[in-house]
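A quick write-up on the structure given underneath.
The values are calculated or read from the model by the stated rules, or taken from the named source; none is laboratory data. As the structure is a computational prediction, the values presented were derived from the model and not from experiment. Backbone-built Cβ (ideal geometry, glycine too); neighbour counts: all protein chains shown. The area values use the complete protein model at the heavy-atom level, side chains included, leaving out ligands, DNA and RNA. Shrake-Rupley method; radii C 1.70, N 1.55, O 1.52, S 1.80 Å.
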Amino acid sequence: MMRATATIALSTLAVAAAMDAGAAIYRCDDDGKVVYQAEPCRSAGRTIDLSHAPVPAGAAEKGLQELERLRGAVAAQERARVASENAAEAVRLAREVRRLDLERDHELAALQSRLDYTVYNMPGAPWERGWAERSIRAEMKAVAERYDARKQQARDRLAQLGGAPAPPPPPPATTPAR
């Protein structure tokens with residue numbers, strides 16, 4: 001539909017420009033298809049002389065009205081296209097936020113398992129267990145912050161698409177002190 005509208009608009013503009021400039025219009029037969037253009041035909045065709053063609057009264061006004069109508073239709077189609085693309089991107093971003101949540105939870109669960117082992121089962125001196133525990137907790141915090149930053153970027157973009165303010169980031173994931 002948009003291509004047909006654009007073709008009609010371009011054809012109308014080409015004919016109007018050719019009439020204004022006094023240039024010739026060429027009727028070309030391209031593989032059984034009739035095409036009107038401002039350049040000479042590459043294949044079979046003929047020149048249409050418009051220099052003696054009568055211009056009906058009000059034709060220019062009608063042409064301008066049609067041009068404005070077509071511009072409005074093209075603008076409406078462009079708005080619909082942008083809205084459709086934004087909706088698709090919003091769905092993609094919402095899925096990405098859910099995926100990031102799952103990945104974060106998976107990584108944190110693995111780290112929590114390591115932490116539990118360190119706290120309850122790790123052989124060695126208490127200072128070694130304390131060092132390992134602090135190291136794992138720092139890694140858990142880094143993982144949570146990394147995923148939260150990526151999720152916030154997706155939420156910010158989602159807010160831009162919807163025009164609403166971005167929701168505040170969730171509180172950082174904490175692990176219970178043992």
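If you filter segment 31-77 down to residues that are in contact with a Ser or Thr (Cβ under 9 Å, 6 or more places away or on another chain) and open to solvent by 100 Å² or more (accessible area, probe 1.4 Å), you find that the one that is farthest from Leu161 (Cα to Cα) is Asp31. Residues considered: Ala144, Ala173, Ala80, Ala149. Of these, the only one that is at pLDDT 90 or above and either touching a strand residue (DSSP E or B) at 6+ places or on another chain (Cβ under 7 Å) or surrounded by 15 or more Cβ atoms within 10 Å (Cβ to Cβ) (or both) is Ala144.
Please go through segment 93-104 and pick out each residue that is within 17 Å of the chain's Cα centre (by Cα), surrounded by 12 or more Cβ atoms within 10 Å (Cβ to Cβ) and not aliphatic (A, V, I, L, M).
Within segment 93-104, the first condition is being within 17 Å of the chain's Cα centre (by Cα), and the residues that meet it are 93-96.
Keeping just the survivors that are surrounded by 12 or more Cβ atoms within 10 Å (Cβ to Cβ) gives 93-94, 96.
Answer for segment 93-104, where residues must be within 17 Å of the chain's Cα centre (by Cα), surrounded by 12 or more Cβ atoms within 10 Å (Cβ to Cβ) and not aliphatic (A, V, I, L, M): just Glu96.
Given the residues Gly32, Gly72, which is the only one that is over 21 Å from the mean Cα position of the chain (by Cα) and at pLDDT 85 or above?
Working: Gly32 fails: at pLDDT 85 or above.
After ruling out the rest, the residue left standing is Gly72.
Do you know which residues across segment 88-109 are among the hydrophobic types (A, V, I, L, M, F, W, C) and in contact (Cβ under 8 Å) with a residue 40 or more places away in the chain? Hits for segment 88-109 are Ala90, Leu93, Ala94, Val97, Leu100, Leu108. Suppose we filter segment 33-73 for residues that are in contact with a helix residue (DSSP H, G or I) (Cβ under 7 Å, 6 or more places away or on another chain) and charged (D, E, K, R); how many remain? The total comes to 1.
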